[in-house]
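Below is one structure; the comments refer to it alone.
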Amino acid sequence: MSDIWIMRIGHRPERDKRVTTHVALSSRALGAKGIYVDTEDPVLEENIRSVATRFGGDYSIQTGVTWQKATKDFKGKIVHLTMYGQRVDEALPKIPTDEDIMVIVGAEKVPAEVYQRADFNISVGNQPHSEIAALAIFLYLYTDGKHLYEDRDGEMTVIPNERGKTVVKKDD
């Protein structure tokens, strides 16, 4: 499988810090290589880098990147998640797995140009819902869920179990 990149459009630090953080964390957990965020936000960058350092893996974040620049420079397919797109189950077989993809996730109304620039405009359901949920469902389906429990060689690892919390630190 090729690399998956996320482009977050419309991030408003004073209003969206938790949502954009969760877009980044969800994409990281489900196998994305990194995220571009259109609004500069050094606090967001620091928080996400801290998680990547502690839990491992190769995940990057860059804020202050316009969607126009990110998509212009991108060599791969552009996937735009929108409630108004083609059904995810119909679109998924058409999205190549041997080519990098960039998934665009909006926070507010997305410019019409995004729909035109995207190779795929995809809906995850036809009801109002969270962009975090849409991204998670899309990435899970696109990757067959293979990244959920992979070891990322971090400073700490969570060991799933039925009851209790098991966290193993590298030093232990």
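Report yes if residue 150 is modelled with pLDDT of 95 or more, over 16 Å from the mean Cα position of the chain (by Cα) and in a loop (DSSP other than H, G, I, E, B), otherwise no.
Working: modelled with pLDDT of 95 or more: no; over 16 Å from the mean Cα position of the chain (by Cα): yes; in a loop (DSSP other than H, G, I, E, B): yes.
No, not satisfied.
Taking the residues in the stretch 43-56 that are out of contact with any helix residue (DSSP H, G or I) (no Cβ under 9 Å at 6 or more places or on another chain) and touching a residue at least 12 places away in the same chain (Cβ under 8 Å) as candidates, determine which candidate is most open to solvent (accessible area, probe 1.4 Å).
Just the residues of the stretch 43-56 that are out of contact with any helix residue (DSSP H, G or I) (no Cβ under 9 Å at 6 or more places or on another chain), to begin with: 45-46, 49-50, 53-54, 56.
Keeping just the survivors that are touching a residue at least 12 places away in the same chain (Cβ under 8 Å) gives 45, 49, 53-54, 56.
Working: 45: 32, 49: 114, 53: 81, 54: 86, 56: 6 Å².
This residue is 49.
Can you tell me which condition residue 116 does not meet? The list is (1) touching a residue at least 40 places away in the same chain (Cβ under 8 Å); (2) more than 19 Å from residue 27 (Cβ to Cβ), and all the others hold.
(1)
Given the structure, is residue 16 touching a residue at least 40 places away in the same chain (Cβ under 8 Å) and open to solvent by 50 Å² or more (accessible area, probe 1.4 Å)? Talk me through it step by step, then tell me what you get.
Working: touching a residue at least 40 places away in the same chain (Cβ under 8 Å): yes; open to solvent by 50 Å² or more (accessible area, probe 1.4 Å): no.
No.
Among the residues of the stretch 126-144 satisfying the criterion of being within 17 Å of residue 4 (Cβ to Cβ) and of a type in the set (Ser, Thr, Tyr), which is surrounded by the most Cβ atoms within 10 Å (Cβ to Cβ)?
142
Is it the case, given these coordinates, that residue 107 is within 16 Å of the chain's Cα centre (by Cα), of a type in the set (Gly, Ala, Ser) and under 17 Å from residue 32 (Cα atoms)?
Working: within 16 Å of the chain's Cα centre (by Cα): yes; of a type in the set (Gly, Ala, Ser): yes; under 17 Å from residue 32 (Cα atoms): no.
It is false that residue 107 is within 16 Å of the chain's Cα centre (by Cα), of a type in the set (Gly, Ala, Ser) and under 17 Å from residue 32 (Cα atoms).
Hey, any hits in the stretch 30-42 for a residue that's on the phi > 0 side of the Ramachandran plot, open to solvent by 30 Å² or more (accessible area, probe 1.4 Å) and part of a loop (DSSP other than H, G, I, E, B)?
No; the residues of the stretch 30-42 include none that is on the phi > 0 side of the Ramachandran plot, open to solvent by 30 Å² or more (accessible area, probe 1.4 Å) and part of a loop (DSSP other than H, G, I, E, B).
Can you tell me which residues in the stretch 145-170 are open to solvent by less than 90 Å² (accessible area, probe 1.4 Å) and closer than 30 Å to residue 89 by Cβ?
Of the residues in the stretch 145-170, the ones open to solvent by less than 90 Å² (accessible area, probe 1.4 Å) are 145, 147-148, 150, 152, 154, 156-161, 164, 166-168.
Within the stretch 145-170, 145, 147, 148, 150, 152, 160 qualify.
Among (1) more than 19 Å from residue 132 (Cα to Cα); (2) open to solvent by less than 30 Å² (accessible area, probe 1.4 Å), there is one condition residue 59 misses while meeting the rest; what is its number?
Going through the list (1) more than 19 Å from residue 132 (Cα to Cα); (2) open to solvent by less than 30 Å² (accessible area, probe 1.4 Å), residue 59 breaks only (1).
As an exercise: evaluate residue 146 against (1) closer than 16 Å to residue 30 by Cα; (2) touching a Leu at 6+ places or on another chain (Cβ under 8 Å) and give the number of the one condition it does not meet.
(2)
Looking for something polar (S, T, N, Q), modelled with pLDDT under 95 and part of a loop (DSSP other than H, G, I, E, B) - is there at least one such residue anywhere in the stretch 12-23?
No, the stretch 12-23 contains no residue that is polar (S, T, N, Q), modelled with pLDDT under 95 and part of a loop (DSSP other than H, G, I, E, B).
The values are calculated or read from the model by the stated rules, or taken from the named source; none is laboratory data. Only a predicted model underlies this, so the values are computations on that prediction, with no experimental measurement involved. Virtual Cβ from ideal backbone geometry, glycine too; neighbours counted across all protein chains shown. For the accessible areas, the whole protein counts, side chains as well, though only heavy atoms, and no ligand, DNA or RNA atoms are used. Shrake-Rupley method; radii C 1.70, N 1.55, O 1.52, S 1.80 Å.
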